[in-house]
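I have placed the structure first, in the form of structure tokens, so that the comments after it can refer back to it.
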Amino acid sequence: MLLSCGGDKTQEVSTDKVKQVTTAVDSPVEEKMTHPAPLPSKEAMPEETTKDGSTKEAITAIRAEYARLQKMLDDGTLRKEVKTFDCEGDPTEGELIRYYEGDDLVVLQHNQGGGHGWEIKQVYLKGGMPFFTLEESGYWTFGGPLNEDETSNTIDYTKEDRYYFQNGVLIRQLTKEFEMHSWETLPEGNEVPNEEVPVTERQDYQDALPYFSDFKKGVVGC
């Protein structure tokens with residue numbers, strides 16, 4: 001997923017279906033070391049209950065717009081621009097993908113990884129402002145029991161944060177953390193419940209997503 005080009009490079013592609021898969025916990029260690037960052041998982045938009053009726057209506061609208069854009073991503077009907085980067089003297093490398101519906105920027109995806117760590121940011125936009133963002137980050141280590149052939153198992157640690165915005169203002173934030181073990185089956189990420197993060201004061205998307213302005217302009221790198 002992560003490409004190295006010895007610097008920054010931008011390319012335009014008219015259409016290209018986005019592959020969405022969950023973290024592979026049974027991949028060979030050699031492959032994990034080469035590609036530490038999994039492709040982003042498709043957001044499930046869980047149906048958590050909300051106390052405030054207006055917030056519930058807003059989140060329903062957010063889910064509908066998310067589903068519309070996600071279908072266009074799956075169908076490969078959005079124009080995309082890809083900018084890759086790597087870091088000299090550092091294992092970190094990554095890419096920024098900007099998706100357009102006509103002339104409108106509607107999805108930003110930033111993937112970055114190196115060594116044993118990785119992070120992914122997916123920002124969905126309407127009218128030039130984010131309405132939903134999914135941030136994923138994690139790392140892996142050797143651990144657990146040895147296999148019968150004396151090879152090591154691995155543990156993947158993942159953290160996810162979800163941000164819901166109405167007219168550019170944060171109205172809901174969810175978080176979760178979970179582990180994946182290569183030697184046993186654990187609940188998939190979408191099966192792990194989210195925890196509500198209290199939104200106690202007015203916070204706009206520029207405060208919640210400090211990287212957004214640079215990503216929107218295509219500024220990315222080390």
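The values are calculated or read from the model by the stated rules, or taken from the named source; none is laboratory data. Source: prediction; values computed, not measured. FYI the Cβ positions are ideal-geometry reconstructions off the backbone, even for glycines, and counts take in every protein chain you see.
Among the criteria (1) in contact with a Lys or Arg (Cβ under 9 Å, 6 or more places away or on another chain); (2) surrounded by 13 or more Cβ atoms within 10 Å (Cβ to Cβ); (3) more than 20 Å from Ile97 (Cα to Cα), the one Phe132 does not fulfil is (3). Those residues that are over 21 Å from the mean Cα position of the chain (by Cα), without any contact (Cβ under 8 Å) to a residue 60 or more places away in the chain and either under 26 Å from Val219 (Cβ atoms) or surrounded by 15 or more Cβ atoms within 10 Å (Cβ to Cβ) (or both), I need them from the range 50-93; list them, please. Gly89, the sole residue that qualifies. If you filter the range 203-215 down to residues that are of a type in the set (Ser, Thr, Tyr) and touching a residue at least 12 places away in the same chain (Cβ under 8 Å), you find that the one that is nearest to Pro145 (Cα to Cα) is Tyr211.
Just give me the residues in the range 149-207 being closer than 17 Å to Gln122 by Cα, aromatic (Phe, Trp, Tyr) and either touching a Pro at 6+ places or on another chain (Cβ under 8 Å) or assigned to a loop (DSSP other than H, G, I, E, B) (or both), in sequence order. Passing the criteria: Tyr163, Phe165, Tyr205. Just one of (1) touching a residue at least 12 places away in the same chain (Cβ under 8 Å); (2) under 18 Å from Arg63 (Cα atoms) fails for Ser137. It is (2). Has the range 112-128 got any residue that is under 14 Å from the mean Cα position of the chain (by Cα), more than 30 Å from Gly89 (Cβ to Cβ), at pLDDT 95 or above and β-branched (Val, Ile, Thr)? No, the range 112-128 contains no residue that is under 14 Å from the mean Cα position of the chain (by Cα), more than 30 Å from Gly89 (Cβ to Cβ), at pLDDT 95 or above and β-branched (Val, Ile, Thr). From the list Thr185, Thr200, the one residue that fits, being without any contact (Cβ under 8 Å) to a residue 12 or more places away in the chain and either touching an Asp or Glu at 6+ places or on another chain (Cβ under 7 Å) or more than 29 Å from Thr55 (Cα to Cα) (or both), is Thr185.
Rundown of residues vs (1) surrounded by 13 or more Cβ atoms within 10 Å (Cβ to Cβ); (2) in contact with a Gly (Cβ under 6 Å, 6 or more places away or on another chain); (3) β-branched (Val, Ile, Thr); (4) modelled with pLDDT under 95, yes/no style:
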residue: Leu174; (1), (2), (3), (4): yes, no, no, no
residue: Glu191; (1), (2), (3), (4): no, no, no, yes
residue: Asp207; (1), (2), (3), (4): no, no, no, yes
residue: Gly221; (1), (2), (3), (4): yes, no, no, yes
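Is it the case that Ser213 is among the small types (Gly, Ala, Ser), loosely packed, with under 15 Cβ neighbours inside 10 Å, closer than 30 Å to Asp103 by Cβ and touching a helix residue (DSSP H, G or I) at 6+ places or on another chain (Cβ under 8 Å)? Taking the combined requirement at face value, the residue satisfies it.
Of the set (1) free of Cβ contacts under 8 Å to residues at least 40 places away in the same chain; (2) crowded, with 18+ Cβ neighbours inside 10 Å; (3) over 20 Å from Val106 (Cβ atoms), all apply to Thr154 but (1). I'm trying to understand the selection: among the residues of the range 164-183, which are among the polar types (S, T, N, Q) and over 14 Å from Ile62 (Cα atoms)? Those that are among the polar types (S, T, N, Q) and over 14 Å from Ile62 (Cα atoms): Thr175, Ser182.
Summed over the range 127-150, residues that are over 15 Å from Asp204 (Cβ atoms) and touching a helix residue (DSSP H, G or I) at 6+ places or on another chain (Cβ under 7 Å) total 1.
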